[in-house]
1. Going by the alpha-carbon gyration tensor, a ≥ b ≥ c the square roots of its eigenvalues, is the chain rounded (a/c under 1.5) or, if a/c is not under 1.5, prolate (a/b greater than b/c) versus oblate?
2. Using a 1.4 angstrom probe on the protein heavy atoms only, line up Lys64, Lys37 by accessible area, largest first.
3. On a 1.4 Å probe surface of the protein chains, which of Met48, Met53 comes out largest in accessible area, and what is the full order?
4. Can you tell me the dipole magnitude for region 12-76 around its Cα centre, using point charges on the Cβ only (Lys, Arg +1; Asp, Glu -1), in Debye to the nearest 20?
5. List the aspartates and glutamates whose Cα sits under 18 Å from the Cα of Lys73, skipping any in the same chain fewer than 8 residues away.
6. In nm, to one decimal, how far is the modelled label at Ala69 from the one at Lys5, with both set 7 Å along Cα→Cβ?
7. From the residues Val67, Val38, Ile55, which one has its Cα farthest along the dipole of the chain in the positive direction, the dipole being from +1 and -1 charges on Cβ of Lys/Arg and Asp/Glu about the Cα centre?
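The values are calculated or read from the model by the stated rules, or taken from the named source; none is laboratory data. Remember, predicted model here, so these are calculated numbers, not experimental data. In this analysis, Cβ positions are derived from the backbone assuming ideal geometry, glycine residues included, and neighbour counts consider all displayed protein chains. SASA here: full protein model, heavy atoms, side chains in, ligands and nucleic acids out. Shrake-Rupley method; radii C 1.70, N 1.55, O 1.52, S 1.80 Å.
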Amino acid sequence: MTGTKIALSIEEAADYTGIGRNTLRNLVEWGKLPVLKVGRKVLIKSDMLEKFMEINEGKNLRDKGSVKAVIRKSAD
């Protein structure tokens with residue numbers, strides 16, 4: 001097993017990406033970034049975070065209308 005985490009808390013994701021905690025919370029609230037909720041803890045999967053950053057490169061993340069949502073395909 002490697003030391004790389006597959007999911008990050010809001011604080012860890014903020015440190016990892018340089019995106020502010022409040023901006024990340026807004027993105028989650030707006031449904032732009034999928035999360036896992038464990039009690040009060042919110043986790044963002046690393047692969048979803050990287051995909052989100054790729055498709056929103058050059059966009060203003062504080063503008064709800066310009067941010068593209070990342071959607072996880074379900075494995076039904």
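1. rounded
2. Lys37, Lys64
3. Ranking Met48, Met53 by accessible area, largest first, yields Met53, Met48.
4. 300 debye
5. Reachable aspartates and glutamates: Asp47, Glu50, Glu54.
6. 2.6 nm
7. Highest projection toward the positive end goes to Val38.
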